[in-house]
Amino acid sequence: MKKYSKLLTISCVLVGLSAAVISCDKSITEPLRVGYTPTSVDDKAGTWKTYVLTAPTDVTVATPTAVTSSEYLAEVADLKSKSASLTQEQQEAVVYWGAGAVYRWNEIARELAARYNVPPASTPDGKYPVPDAANPLADPRFPFANPPYTARAFAYLSVAQYDALVAAWNFKYKFKRSAPSKADASVRVALPSSALPSYPSEDAVVAAASYTVLKAMFPGEVPFLDAKLAEHRNSRLWAGMNVMSDLNAGGNLGSQVAAKVMARARADGMSAANNQTLTAAMITDAKARGLSEVWVSQETPARPPMLPNYGAVMNWNFDAATKVKLRPGPPPALGSAEFTTALNELKAINKNQTREQARIANYWADGAGTYTPPGHWMRTAANAAHDAKYSEVRMARTLALVATALMDAGVCCWDTKMFYYYPRPQQFGVKTSVGLPNFPSYTSGHSTFSAAAAVVLASIFPDQADDFWKKAQEASDSRVYGMIHYRFDCTAGLACGKNIGAYAVERGKADGSGL
Amino acid sequence: MKRNLKCLILAALLTPFAAQAQMPQDAIYMNKRQICVAGMYGYSSWNQYWENTLKRENFNIGTHTTQSFMLMPVIGITKRVNVILSLPYVWTSTSAGNLMGQRGIQDASAWLKVKAVQVGGFSVNAVVGGSIPLGSYVPSFLPMSIGLQCRTFTGRLLLNYKEPKTGLYLTAHGSYGWRSNMRIDQDAYQANERVYNTNEVQVPNTYDAAVRLGVQRKGWQTEFWAERSACLNGDNIRRNDMPFPTNNMQATSVGWYAKVQPHNIGVNARVGYVVDGLNVGQSTSYMLGLLYQINFKK
């Protein structure tokens, strides 16, 4: 009997312990973003300065039918039938897209960047096949959405969204066609509505512009993007927010603007960014300037450097001559006291990395399989603008300023990296806890990207300036803690990124928004 | 690796005497007021792995090695109820590339093994166990991470038949393993073909099934085993990407185990080889342990 009571006690203790250990719900909770009434509709945004369009009149929008016309009344009747009762799935689509058109398409771009951010595998003969845009789903898939590629994709996406919305605002206030629920109070709306005229639909504008850019950047994702585009447009009908002619006019406008923006993309020099024949001269030049040991790929088989001519791609907020002026001065000579100190710092971390150093290195790593450091900062920017309840056009402006600064940072940093061709710490026996990028060390891309983005965000959200800067500093430090950058790579990158960001800030001050 | 093999052969040649209780996967029990403490060294390595279903090598990893030292006391509560505890220290390394090895205390686990039914040589045993991460190791730096930072709870049913005269035995078991969600240092990650904007990661639950055929006599034991352990769901490693804790890891292994414990002191050894898998390395593993049994006076 005694034996059994003991058995019983043990069992009870174990069952109790297990209950404490297990909480059966394994569902993941993610931060929820929902729609809002913007703090301002930014009714003068039709006059803001655009990036690629010279004026909103570069594109055409048909004059809408009057809200009293029989055509319009028929559209409203159709809208009522579509928005009267929604399935669970339709309701979810309304809430999802209701969080914001620019916000969601930026998130979709991050999703695609992560999906395509994997370096090609080597073939049995030791070569790395180049992804082929004409055959995007073959192995290796096109694109390899590395940080420079992704920075550029975000820049074109955000510029297309912004230019298209500025044009849309122009036409909205030209035609001043009110929302269907204002024309007919019996239209049931599922989202907050504002005084913003609804023709052309800003959602359809953003959807079409984003679709066009992302289809060009991620050509293997056409079915995925088709589904997003259709759902976005439909969600506006289900929500009772737009009649079909609002959406058609918006879609048409968005496509026209995006086509112009993509014409710039095709001529910005990206097609020559992977010109590997240039590296021999880069190495010779760097050696001629006194570099005793050049960067060498640490992968087996040796992988050609990532986009060695990306530094020649066209910038957004300054010209090529300014880019050369922005390039940081030379790194310490290999073997110099300054170099040895920096290398010893990494060796010490290699020996005894603290958990906090590992955490920071991991948090900011944004390596293969992620949306990259530009994606990280786009997320930060989009969330800040969402928290501030920005209108679609002001959200797009914010993201365009950040994204162009990020691409400018990428271009400048790549120019610097290939100019100095400086070896990575791994060439001196240091390991890494985050994975080693395959291009020269000086300067740090993370530091350049982060400083540029933080400077722009600090100017737009001055009350959070300290926080953005703290993040940029931590992102920069993370590369030292991950042991893939010398401290001087990071300090030079931060300083250069700050200067780059200042050009975007200057543009923002002069774009007519008064913001 | 060669030296380990020699140790194993030496261990296998040792003369048999009087063996006692062991692992959560056998039907051997310690008697009341007996404690057996095992100190075990493990060495496991692979130079090929399954990236999804593609079996490949990786020149930037070369041979990946996981070593561990584990302390494992087995406590006889009664001769039908045993408690097994374990605490491993684990370290990883690669022969090529520049990924930094990880090291540290991993997860503490506890098992309760109960012989529920005994009819002649046949027994039905119930085993429940759980584990809790003790170290603050990084769980998302696969394949270098030493663990997944999740709590686990396992329920196992173990059937055993032992022929009394020869000591020949056949054991079969099946288990279900629950694993808690884990937290990573990043605040976004890609899994199941989408991006999750959170640091919380759902780690798949697991099952395993195994059969063992061996001989157990006074003082020694030897067996051959085959085991299938796998996740119940999960995603696959993307082309040329690194593994992630959400992966549907599956492995079918075969191996050999033996124990010699003439008196209080004994040794045990285990060899395992993964014959087929998904999202795991094709590892060959060796384990060598030193056992020490303490009998408390009644």
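The values are calculated or read from the model by the stated rules, or taken from the named source; none is laboratory data. Everything numeric in this text was worked out from a predicted model, so none of it was measured. Here the Cβ is made from the backbone with ideal geometry for all residues, glycine too, and neighbour counts use every protein chain on show. Accessible surface areas use protein heavy atoms only, side chains included; no ligands, DNA or RNA. Shrake-Rupley method; radii C 1.70, N 1.55, O 1.52, S 1.80 Å.
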So which strands (runs of 3 or more DSSP E) are wholly in segment B:154-272 and hold at least 2 residues that are within 21 Å of B:ALA126 (Cα to Cα) and small (Gly, Ala, Ser)? B:168-179, B:206-217, B:220-231
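Listed here are the residues, each with its yes/no results for (1) aliphatic (A, V, I, L, M); (2) over 23 Å from A:ALA263 (Cα atoms).
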{"residue": "A:PRO136", "(1), (2)": "no, no"}
{"residue": "A:PRO148", "(1), (2)": "no, no"}
{"residue": "A:LYS174", "(1), (2)": "no, yes"}
{"residue": "A:ALA183", "(1), (2)": "yes, yes"}
{"residue": "A:VAL187", "(1), (2)": "yes, yes"}
{"residue": "A:ALA195", "(1), (2)": "yes, yes"}
{"residue": "A:SER198", "(1), (2)": "no, yes"}
{"residue": "A:VAL213", "(1), (2)": "yes, no"}
{"residue": "A:LYS228", "(1), (2)": "no, yes"}
Please go through (1) crowded, with 22+ Cβ neighbours inside 10 Å; (2) closer than 21 Å to A:MET407 by Cα for A:ALA312 and return the number of the only condition it doesn't satisfy. (1)
Within segment A:130-147, can one find any residue that is at negative phi and not in a loop (DSSP other than H, G, I, E, B)? yes
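Residue by residue, here is whether (1) more than 13 Å from A:SER450 (Cβ to Cβ); (2) open to solvent by 30 Å² or more (accessible area, probe 1.4 Å) holds:
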position: A:LYS498; (1), (2): no, yes
position: A:ALA504; (1), (2): yes, no
position: A:ASP511; (1), (2): yes, no
position: A:LEU515; (1), (2): yes, yes
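Listed here are the residues, each with its yes/no results for (1) open to solvent by 60 Å² or more (accessible area, probe 1.4 Å); (2) more than 30 Å from A:ALA121 (Cβ to Cβ).
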{"residue": "B:TRP225", "(1), (2)": "no, yes"}
{"residue": "B:SER229", "(1), (2)": "no, no"}
{"residue": "B:THR252", "(1), (2)": "no, no"}
{"residue": "B:GLY255", "(1), (2)": "no, yes"}
{"residue": "B:ASN279", "(1), (2)": "no, no"}
{"residue": "B:PHE296", "(1), (2)": "yes, yes"}
Among (1) touching a Ser or Thr at 6+ places or on another chain (Cβ under 6 Å); (2) open to solvent by 70 Å² or more (accessible area, probe 1.4 Å); (3) not assigned by TED's automatic domain parsing to the domain that holds A:LYS174, A:PRO38 falls short only on (2)
If we keep only residues of segment A:182-210 that are of a type in the set (Ser, Thr, Tyr) and out of contact with any Ser or Thr (no Cβ under 8 Å at 6 or more places or on another chain), then the residue farthest from A:TRP97 (Cα to Cα) is A:SER186
Report, ordered by the first and then the second residue, all pairs with beta carbons closer than 6 Å, sequence separation of six or more or different chains, a first member in segment A:112-137 that is more than 9 Å from chain B (Cβ to nearest Cβ), and a second member that is open to solvent by 20 Å² or more (accessible area, probe 1.4 Å) and among the charged types (D, E, K, R). A:TYR128/A:ARG303
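Residues are listed down the side, and each one gets a yes or a no for (1) open to solvent by less than 60 Å² (accessible area, probe 1.4 Å); (2) farther than 30 Å from B:ALA96 by Cα; (3) in the same structural domain as A:GLY501 (by TED's automatic domain parsing):
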| position | (1), (2), (3) |
| --- | --- |
| A:VAL257 | yes, yes, no |
| A:ILE283 | yes, no, yes |
| A:PRO305 | yes, no, yes |
| A:PRO328 | yes, yes, yes |
| A:PRO332 | yes, no, yes |
| A:PHE339 | yes, no, yes |
| A:ASN344 | no, no, yes |
| A:LYS347 | no, no, yes |
Can you find even one residue in segment A:471-480 that is assigned by TED's automatic domain parsing to the domain that holds A:TRP414, touching an Asp or Glu at 6+ places or on another chain (Cβ under 6 Å) and within 20 Å of A:HIS376 (Cα to Cα)? no
Mind checking whether some residue in segment A:141-156 is open to solvent by 50 Å² or more (accessible area, probe 1.4 Å) and either in contact (Cβ under 8 Å) with a residue 12 or more places away in the chain or outside the structural domain of A:GLU392 (by TED's automatic domain parsing) (or both)? yes
Looking at the structure I just gave you, is A:ALA99 surrounded by fewer than 20 Cβ atoms within 10 Å (Cβ to Cβ) and either among the charged types (D, E, K, R) or under 29 Å from A:ALA258 (Cα atoms) (or both)? yes
Out of curiosity, is A:THR50 touching an Asp or Glu at 6+ places or on another chain (Cβ under 9 Å), hydroxyl-bearing (Ser, Thr, Tyr), open to solvent by less than 20 Å² (accessible area, probe 1.4 Å) and not assigned by TED's automatic domain parsing to the domain that holds A:VAL393? yes
Near pairs, Cβ below 6 angstrom, 6+ apart or cross-chain, from segment B:79-98 (of a type in the set (Ser, Thr, Tyr)) to any residue that is assigned to a strand (DSSP E or B): B:SER86/B:MET70; B:SER86/B:MET72; B:SER86/B:SER109; B:TYR89/B:PHE69; B:TYR89/B:ILE105; B:THR92/B:THR66; B:SER93/B:THR65; B:THR94/B:HIS64
Output the residues belonging to segment B:126-141 that are closer than 22 Å to B:SER109 by Cα and of a type outside the set (Val, Ile, Thr). B:ALA126, B:GLY129, B:GLY130, B:SER131, B:PRO133, B:LEU134, B:GLY135, B:SER136, B:TYR137, B:PRO139, B:SER140
Just a yes or no: is a residue in segment A:169-178 modelled with pLDDT of 95 or more, under 19 Å from the mean Cα position of the chain (by Cα) and under 30 Å from A:ALA62 (Cβ atoms)? no
Any hit, segment B:167-179, residues being over 30 Å from B:ILE237 (Cα atoms), surrounded by 20 or more Cβ atoms within 10 Å (Cβ to Cβ) and hydrophobic (A, V, I, L, M, F, W, C): no
Run A:GLN427 past the list (1) open to solvent by less than 10 Å² (accessible area, probe 1.4 Å); (2) over 26 Å from A:THR404 (Cβ atoms) and report the number of the one that doesn't hold. (1)
For a quick check of your reading: which strands (runs of 3 or more DSSP E) sit entirely within segment B:60-139 and have at least 3 residues that are crowded, with 17+ Cβ neighbours inside 10 Å and modelled with pLDDT of 95 or more? B:64-78, B:81-94, B:107-119, B:122-133
Being touching a residue at least 60 places away in the same chain (Cβ under 8 Å) and within 14 Å of chain A (Cβ to nearest Cβ) is the filter here, so list the residues in segment B:218-237 that pass it. B:ASN236, B:ILE237
So if I check each of A:SER292, A:SER235, A:SER271, which one is open to solvent by 20 Å² or more (accessible area, probe 1.4 Å) and not assigned by TED's automatic domain parsing to the domain that holds A:CYS413? A:SER271
Would a scan of segment A:56-69 turn up a residue that is closer than 30 Å to A:ARG507 by Cβ, part of a loop (DSSP other than H, G, I, E, B), open to solvent by 40 Å² or more (accessible area, probe 1.4 Å) and not acidic (Asp, Glu)? yes
Does A:SER193 fit the bill of being outside any helix (DSSP H, G or I) and in contact with a helix residue (DSSP H, G or I) (Cβ under 9 Å, 6 or more places away or on another chain)? yes
Flagged in segment B:185-212 as of a type in the set (Val, Ile, Thr), open to solvent by 10 Å² or more (accessible area, probe 1.4 Å) and facing chain A (nearest Cβ under 8 Å), in numbering order, are B:VAL195, B:THR198
In this structure, does A:SER23 turn out to be at pLDDT below 95, under 37 Å from the mean Cα position of the chain (by Cα) and assigned to a loop (DSSP other than H, G, I, E, B)? yes
